[in-house]
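**Student:** I have a structure here, written as structure tokens, and I will follow up with some questions on it.
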Amino acid sequence: MITQEQLKDITARTEDLKRYLDIDNKTMQVEEEQLRTQAPGFWDDAKAAEAQMKKVKGLQAWIDGYKEVKTLADELALAFDFCKEGLVSEEELDEAYAKASAAVEALELKNMLRQEADEMDCVLKINSGAGGTESQDWAQMLMRMYMRWAEANNYKATISNLQEGDEAGIKSVTMNIEGPYAYGYLKGENGVHRLVRVSPYNAQGKRMTSFASVFVTPLVDDSIEVQINPANISWDTFRSGGAGGQNVNKVESGVRLRYQYKDPYTGAEEEILIENTETRDQPKNKENAMRQLRSILYDKELQHRMEEQAKVEAGKKKIEWGSQIRSYVFDDRRVKDHRTNYQTSDVAGVMDGKIDGFIKAYLMEFASEE
């Protein structure tokens, strides 16, 4: 049975959320923004209308989220009183506490996502490291982990490009993960993921270490202004499809976009290469490739701003791309994040997409520093 202090804690955190989220002000904002949608000719400019509807929906989501937390907190207080009178069992009270606590934590976590890009969908790319089949198998396991996470959170995960491994697994995969705050929740997955296990591909049954890198960028839509020089774009097309038979695509629907990028701050030049085989429709694949290019360019600008901020706040921690962020040690039944020291023994659960503990630990430690 929960204590009076636990009830007070939930009540206080609920009131704090109302203040942090400025719910009263958001309620007035929603009313004002909804009035704008009723103006004559509102849908004449479809793009502006969609942006306005998205704004209303975003504000309403915060209000609805708080209302849910407040309802559960009130129900918990009522159950606590009824339990003392014998009208509610201790098990029912504990269940009410678990629901209220989970809702409060979820909204507190979402409140940490305040950056412009946090609410966007994201592009998640996985590359296998050196080590052949073992690393390629590890890359495929990570792909499944993120797809299961997306499924559990009702997010849409689509594969835009995949390169199969030589014998098993994958060399690389690019996925779009679409859902509220997908980038905000997954941005902490950026980095190198290390696997230690007895390899099924090693005849001697030796313990082996494999690496795969994960790169997450916000999936930028047309509402974000990104400067792209059309003269720097070139296209190739190729056939995409299965191994044979009816699965082979007889038309060159796969597209390869090459963009000659020059960093406006350093003058450094590089070629950005994007391949997309998501659909059998070449124009659609070109559109998807351009969307990914906008995401990459937006992320480069975002990284520059973060680096400038890091120079000013040199004393704060910084996560470098390429650093080893997490180890998955199968034999010891341990997954540990080296940045937050959060760890769990539920290796099977993690590989089945249960990574919310790592996401929460990362945001609690680093979100306030961004």
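The values are calculated or read from the model by the stated rules, or taken from the named source; none is laboratory data. Remember, it's a predicted structure, so these values are computed and weren't measured experimentally. Backbone-built Cβ (ideal geometry, glycine too); neighbour counts: all protein chains shown.
**Student:** Checking the condition within 19 Å of Val196 (Cβ to Cβ) and crowded, with 18+ Cβ neighbours inside 10 Å, which residue from Ile355, Ile359 passes?
**Tutor:** Details: Ile359 fails: within 19 Å of Val196 (Cβ to Cβ).
Result: Ile355 is the single residue among Ile355, Ile359 that is within 19 Å of Val196 (Cβ to Cβ) and crowded, with 18+ Cβ neighbours inside 10 Å.
**Student:** Continuing with the same structure: How many of the residues in the range 113-132 are outside any strand (DSSP E or B) and buried (at least 19 other Cβ atoms within 10 Å of the Cβ)? Can you show your working first?
**Tutor:** Of all residues in the range 113-132, those outside any strand (DSSP E or B) come to 113-120, 129-132.
Okay, now just the ones that are also buried (at least 19 other Cβ atoms within 10 Å of the Cβ), so 117-118, 120, 129.
Within the range 113-132, residues that are outside any strand (DSSP E or B) and buried (at least 19 other Cβ atoms within 10 Å of the Cβ) number 4.
**Student:** While we're here: Quick one: in the range 284-336, which of the residues that are assigned to a helix (DSSP H, G or I) and either more than 21 Å from Thr217 (Cβ to Cβ) or in contact with a Gly (Cβ under 8 Å, 6 or more places away or on another chain) (or both) is modelled with the lowest pLDDT? Give the derivation first.
**Tutor:** If we filter the range 284-336 for residues that are assigned to a helix (DSSP H, G or I), which is where we start, we get 284-312.
Retained after the next criterion (residues that are either more than 21 Å from Thr217 (Cβ to Cβ) or in contact with a Gly (Cβ under 8 Å, 6 or more places away or on another chain) (or both)): 285, 311-312.
Values: Asn285: 92, Lys311: 55, Val312: 45.
The qualifying residue modelled with the lowest pLDDT is Val312.
**Student:** Would you say Ala168 is within 29 Å of Ala203 (Cα to Cα) and either modelled with pLDDT under 95 or among the β-branched types (Val, Ile, Thr) (or both)?
**Tutor:** Values: within 29 Å of Ala203 (Cα to Cα): yes; either modelled with pLDDT under 95 or among the β-branched types (Val, Ile, Thr) (or both): yes.
When the stated conditions are applied, Ala168 passes them.
**Student:** Restricting the search to the range 191-245, which residues are crowded, with 16+ Cβ neighbours inside 10 Å, among the hydroxyl-bearing types (Ser, Thr, Tyr) and at pLDDT below 80?
**Tutor:** Correct list: Ser240 only.
**Student:** Tell me yes or no: at least one residue of the range 83-96 is part of a helix (DSSP H, G or I), in contact (Cβ under 8 Å) with a residue 40 or more places away in the chain and not charged (D, E, K, R). Break it down into steps so the answer makes sense when it comes.
**Tutor:** Narrowing the range 83-96 to residues part of a helix (DSSP H, G or I): 83-84, 90-96.
Imposing the further condition that a residue be in contact (Cβ under 8 Å) with a residue 40 or more places away in the chain reduces the set to 83, 90, 93-94.
Add one more test, that the residue is not charged (D, E, K, R), and what stays is 83, 93.
Yes, the range 83-96 has at least one match.
**Student:** Also: May I ask you to verify whether Glu15 is at pLDDT 90 or above, over 27 Å from the mean Cα position of the chain (by Cα) and surrounded by fewer than 17 Cβ atoms within 10 Å (Cβ to Cβ)?
**Tutor:** On the way: at pLDDT 90 or above: yes; over 27 Å from the mean Cα position of the chain (by Cα): yes; surrounded by fewer than 17 Cβ atoms within 10 Å (Cβ to Cβ): yes.
Yes; evaluated as a whole, the condition is true for this residue.
**Student:** Has the range 68-89 got at least one residue that is surrounded by 14 or more Cβ atoms within 10 Å (Cβ to Cβ), small (Gly, Ala, Ser), under 27 Å from Arg114 (Cα atoms) and at pLDDT 95 or above?
**Tutor:** Checked the range 68-89: at least one residue is surrounded by 14 or more Cβ atoms within 10 Å (Cβ to Cβ), small (Gly, Ala, Ser), under 27 Å from Arg114 (Cα atoms) and at pLDDT 95 or above.
**Student:** Also, I was wondering about something else. Answer yes or no as to whether Lys26 is closer than 25 Å to Lys187 by Cβ, over 22 Å from the mean Cα position of the chain (by Cα), of a type in the set (D, E, K, R) and in a helix (DSSP H, G or I).
**Tutor:** Numbers: closer than 25 Å to Lys187 by Cβ: yes; over 22 Å from the mean Cα position of the chain (by Cα): yes; of a type in the set (D, E, K, R): yes; in a helix (DSSP H, G or I): yes.
So Lys26 passes the test.
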